[in-house]
Amino acid sequence: MPVFEYQAAEDTCIPSENASAGQQATALLTALLNQGGQPHLIDQPEDDLDDSDPFKVVERLLRAKEKRQLIFTSHNANLVVNGDAELVVKCDHLTEVERSRARVALEGAIDSTEVCGAITKVMEMDF
């Protein structure tokens, strides 16, 4: 039976059952990213992750890319940029009324002018 702990500080580990939901999700994502093998499809990890140190997640992501294909869906442009995405696909709704259906609005390398413009627009949005 696997036992998960969340490393809150260099010398402090929290048992999974005592960790917050975000800390538990961070520990689970770390375990998944440390495995090699088949591709991973991960849907909006930023919704659940502990936000105390997002760069640790990005470091793990960059190492994991060397062992397997990773496919993320995300509304967080920081994950796309800092995770050094190799392919970015931007989706839009078909219509405002039918928001459950989407279309591919743009796709390309992260360094293409169109993709950079779309990422910049998302990062500069004021919610």
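Bear in mind these aren't lab numbers, they're just calculated from the coordinates by the rules spelled out. Small disclaimer: the values here were computed from a predicted structure and weren't measured. Cβ coordinates were reconstructed from backbone atoms using ideal geometry, including for glycine residues, and neighbour counts include every protein chain displayed.
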Query raised in the report: For the stretch 80-111 and the stretch 1-65, what is the separation of their C-alpha centers, rounded to whole Å?
Result: 25 Å
**Report entry** Around SER112: net Lys/Arg minus Asp/Glu count, Cβ-Cβ under 15 Å
**Finding:** -3
Report summary line: Cα extents of the stretch 86-127 along the principal axes, largest first, in whole Å, come to 32, 24, 13
Report task. List the pair-distance distribution P(r) of the chain, using every Cα-Cα distance, as the percent of pairs falling in each 5 Å bin from 0 up to the bin containing the longest distance, rounded to whole percents. Result -> 2, 9, 17, 20, 18, 15, 9, 6, 3, 1, 0
Query raised in the report: Give me the log10 of I(q) over I(0) for the stretch 1-68 at q = 0.15, 0.17, 0.24, 0.26 Å⁻¹, as the Debye formula computes it from C-alpha points; what are the numbers?
Result: -0.48, -0.62, -1.16, -1.28
Query raised in the report: Using the Cβ atoms and a cut-off under 13 Å, what net charge is assigned to the surroundings of ILE42, where Lys and Arg are +1 and Asp and Glu are -1?
Result: -1
Query - Neighbour net charge for ALA27 - beta-carbon separation under 12 angstrom, K R +1, D E -1 - result: -2
Requested in this report: Please list the non-local residues whose amide H lies under 5 Å from the amide H of LYS90, H modeled 1.01 Å from N, same-chain partners needing a gap of 5 or more.
Outcome: ALA105, LEU106, GLU107
Report summary line: The answer for TYR6, listing residues at least 5 apart or on another chain whose modeled amide H is closer than 5 Å to its amide H, is ILE14, SER16
Report task. Would you list, by chain and number, the lysines whose Cα falls below 19 Å from the Cα of LYS56, excluding same-chain residues fewer than 8 positions away? Result -> LYS65, LYS67
Report task. Report the extension gain between LYS56 and MET1 in nm, rounded to one decimal, defined as 0.36 nm multiplied by the number of residues separating them, less their alpha carbon distance. Result -> 17.2 nm
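Order these by the 10 Å Cβ neighbour count, fewest first: MET125, MET1.
On the way: MET125 8, MET1 2.
If I rank by nearby Cβ atoms, fewest first, I get MET1, MET125.
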